[in-house]
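Since the structure comes first, as structure tokens, the remarks are kept for the end.
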Protein chains: 2
Amino acid sequence: MKLYTYFRSSAAYRVRIALNLKGLDYEAVPVHLVRGGGEHRQPAYLGLNPAGLVPALEDQGQVLTQSLAIIEYLEESHPQPALLPAAPLDRARVRAIAQAIACDIHPVNNLRVLQYLTRELDASEEQKNAWYRHWIGVGLQAVEAMLAGDARTGAFCHGDTPGLADCCLVPQVFNARRFGCELAAMPTVLRIAETCAGLEAFQRAAPEAQPDAE
Amino acid sequence: MKLYTYFRSSAAYRVRIALNLKGLDYEAVPVHLVRGGGEHRQPAYLGLNPAGLVPALEDQGQVLTQSLAIIEYLEESHPQPALLPAAPLDRARVRAIAQAIACDIHPVNNLRVLQYLTRELDASEEQKNAWYRHWIGVGLQAVEAMLAGDARTGAFCHGDTPGLADCCLVPQVFNARRFGCELAAMPTVLRIAETCAGLEAFQRAAPEAQPDAE
């Protein structure tokens, strides 16, 4: 498998964690999101993924896109260790936590959105950072409530084994810290991120551990 | 089942389509997103869904959130008719199309984001509408490329039966039209939306057909 990735892309980071948790080898193909206006906007990459977004996974001659779709694919094609629980109601809970991050927080703070704010709406650096912290704050508070208010939360987001929701949580917490967000009101989020940080699968997936890290 | 819904919420619209396609009866509980600052921000609703977003589905005494997680739950708990194909690579494709809409387009144009633009960044009505059309344009062009460039596209997004991707596509096209987006460059998207519009499951899910329509 080939993973088109950028060290700091939190969507790629999610997939790297999932691949590592499942013990799957892959070739990392770096796609630089900044250099030369972004390699993801150049024809070579757009031919693979017309959305021009990272990550993409090549497997069995096909290119898969969208981090959560890729992780669900890995789950179906390599079921063990499972990243989703067995019961439909529990699976729905784990997917909802993952989507509360992947849909409600991340896209609003994506690089292209921040660029639009500064280029088209003349947002200052301060306004841009306030925007970023606002959506992480609102979004992670919702995740905290989902986690803290549910007995199914364990050492990880769901029970005592890492799964899909943890693959999303850790990269989001990484971003939150990078932008200096206030996280004290999110003790469950922080506790789980800390537990994940102790696992090799998460360590090897971290931005600073990537071959294209700067 | 109880569906907490707002007639114009495109995430709720997706779930209404899925429920109808599966022939499942549900009680619609309207949550007004504008009146009184938004019923979704009031304690009664936040107790059900701490994220304060619509939709939420109540089933078997539990509250499920996030539209795609809800639809996957319906798929697992009521497998027929299937909204996802059988093969993992095909399922990944359908999920990627759905997420290209649900993650990359919709959240950036969500009501709360538009409100932030005007209230915090002093965006004019014109700038707000340009933002809206920009992200729909970029996002639906990517979806068009995913659909037009793949032989698995049929009468619907994947083959000749409606599924998860169609549940997402139709509400997004509805929003695009509402905001006067230029859609001429997206013939496959338009053709599929037109086909869906002929089906009762989509007609009954439409905003104007809801009990809380205004």
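A short reminder: the numbers here are calculations on the coordinates, not readings from a lab. Just so we're clear, the structure is a prediction, and the values are computed from it rather than from any experiment. Cβ sites come from the backbone with ideal geometry, for glycine too, and all protein chains shown count toward neighbours.
For the residues of B:129-135, the average number of beta carbons from a partner chain within 10 Å of their own beta carbon is 2. The value of relative contact order for chain A, using C-alpha pairs under 8 Å at least six residues apart, is 26 percent.
Shape summary: the stretch A:171-214 maps onto an equivalent ellipsoid whose semi-axes, from the alpha-carbon gyration tensor, are 21, 14, 5 Å in decreasing order. Restricting the calculation to alpha carbons of the stretch B:1-79 gives Rg and Dmax of 11.9, 39 angstrom.
Label point of B:PRO187 (7 Å along Cα→beta-carbon): distances to the other copies' equivalent points are 6.1 nm, sorted ascending.
For A:LYS128, a cut-off of 25 angstrom between C-alpha atoms picks up these lysines, skipping any fewer than 8 places away in its own chain: B:LYS128.
Working note: Debye formula, equal point scatterers on the alpha-carbon atoms of the stretch B:86-200, no solvent; log10 I(q)/I(0) at q = 0.14 Å⁻¹ is -0.57.
Where both bridge residues fall in chain B, DSSP classifies roughly 60% of the beta bridges as antiparallel.
Peptide B:67-80 is shielded by partner chain Cβ atoms: per residue, an average of 4 of them sit within 10 Å of its Cβ. Computed about the Cα centre, the dipole magnitude for chain A is approximately 200 debye when only Lys and Arg (+1) and Asp and Glu (-1) carry charge, each at its Cβ. Put simply, the C-alpha atoms of the protein assembly as shown give a gyration tensor, and the ellipsoid matching it has half-axes of 28, 25, 24 Å, longest first. With only the Cα atoms considered, chain A has a convex hull volume of 121 Å³ per residue.
Per residue of A:145-156, other chain Cβ atoms within 10 Å of the residue Cβ number 1 on average. With all pairs of different C-alpha atoms in the average, the Kirkwood value for the hydrodynamic radius of the stretch B:81-147 is 13.5 Å. The relative contact order of the stretch B:1-58, computed from alpha carbon pairs under 8 Å that lie at least 6 residues apart in sequence, is 47 percent.
In summary, the aspartates and glutamates within cross-link reach of B:LYS2, defined as a Cα separation below 14 angstrom excluding same-chain residues under 8 places away, comprise B:ASP25, B:GLU27, B:GLU58, B:ASP59.
As a length-normalised measure over Cα pairs under 8 Å and 6 or more apart, the relative contact order of the stretch B:92-154 settles at 42 percent.
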